[in-house]
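See structure below.
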Amino acid sequence: MRSIVVSKRRHAFTLVEILIACAVMAVFMTAVYQLFIGGSKTAGRAQWISGTIDQMRNTLTLLSREIRGATYPTTLFSDTFFDPCDNDDPKVPAEFYLRILKDGQPIAPPADGELKVMSWVVCEPEKPKNQPGKIVKHELFLEFAQNTRVAPVGNLRLKSSAFEYTTDAKNDYAKSGKLNLTPIEKETREKVLVNDVQFIEFSVAGTLPPEKPVDFFPISVKIRTLYPKDEKVFKENSIMATPQVGIDTF
């Protein structure tokens, strides 16, 4: 009986086949990488938008409340009160005005360092021989953070310093504007409110400075932020509030 021997020949890949396979793999990996990068960019953009919306909402709510609470220091009695508006010298109440850097113009972050863009005070009245008053001095700064392809962006930072105050009868109490201050250390704080700010803009619906310290005008505050990785992505929002003090520029 004749046996049949079947020989098996091994087939090796040629150089051309290997190059084609590498090219196909490279195209595939490039497509996967682009999908991954695109997804990462989309996720990063969505995360920035969500975080920025929260920051701006919280900040503008805070600023609206604080601006409406801006008042002159007052000495309060059961039948009368004294405050700097009663002073014949207009410079006295002006010391407690809400102040802004510019009116009606966008304020961009500086190339380095920081700018003070707004300051104001919130006061609780003193009741002589009963309780001291309280004054909180607020300062709003716009500080440089980084450069983007279209504009620098910065951080909006709030610095607050709290004091108890008393006044003297010989100086007509708070009418003189002279306050004896005692720092309240535990209520002195500083924090960043909004990141990636492209500009902040104030607009006052009245004359600066006011003719009288009791001329109270609404002021709007607009904040615009810019996504540092994509200049086409931005968010802006604004509020309007009326302080119970005059408004002027620095």
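Every read-out reported here was derived from the displayed coordinates using simple, explicitly stated rules and does not represent laboratory data. Please read all numbers here as calculations on a predicted model, not as lab measurements. Positions of Cβ are backbone-derived with ideal geometry, glycine not excepted, and every protein chain shown enters the neighbour counts.
Couple of notes before you dig in:
- The lone criterion from (1) crowded, with 16+ Cβ neighbours inside 10 Å; (2) closer than 19 Å to residue 58 by Cβ left unmet by residue 152 is number (2).
- Residue list for the range 148-196, filter: of a type in the set (Phe, Trp, Tyr) and free of Cβ contacts under 8 Å to residues at least 60 places away in the same chain: 163
Conditions (1) closer than 23 Å to residue 156 by Cα; (2) within 20 Å of the chain's Cα centre (by Cα); (3) surrounded by fewer than 14 Cβ atoms within 10 Å (Cβ to Cβ), marked per residue:
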{"residue": "203", "(1), (2), (3)": "yes, yes, no"}
{"residue": "217", "(1), (2), (3)": "no, no, no"}
{"residue": "224", "(1), (2), (3)": "yes, yes, no"}
{"residue": "232", "(1), (2), (3)": "yes, no, yes"}
{"residue": "235", "(1), (2), (3)": "yes, yes, no"}
{"residue": "248", "(1), (2), (3)": "yes, no, no"}
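- A single member of 124, 139, 95 is under 22 Å from residue 215 (Cβ atoms), out of contact with any helix residue (DSSP H, G or I) (no Cβ under 7 Å at 6 or more places or on another chain) and either surrounded by fewer than 19 Cβ atoms within 10 Å (Cβ to Cβ) or not hydrophobic (A, V, I, L, M, F, W, C) (or both), and it is 95.
- Residues of the range 79-101 that turn out to be within 29 Å of residue 187 (Cα to Cα) and assigned to a loop (DSSP other than H, G, I, E, B), as a count: 5
- Just one of the numbered conditions (1) touching a residue at least 24 places away in the same chain (Cβ under 8 Å); (2) within 17 Å of residue 62 (Cα to Cα); (3) of a type in the set (Lys, Arg) is not true of residue 229: (2).
- If you go through the range 224-235 and keep only what is in contact with a Ser or Thr (Cβ under 7 Å, 6 or more places away or on another chain) and not hydroxyl-bearing (Ser, Thr, Tyr), you end up with 226, 228, 231, 234, 235.
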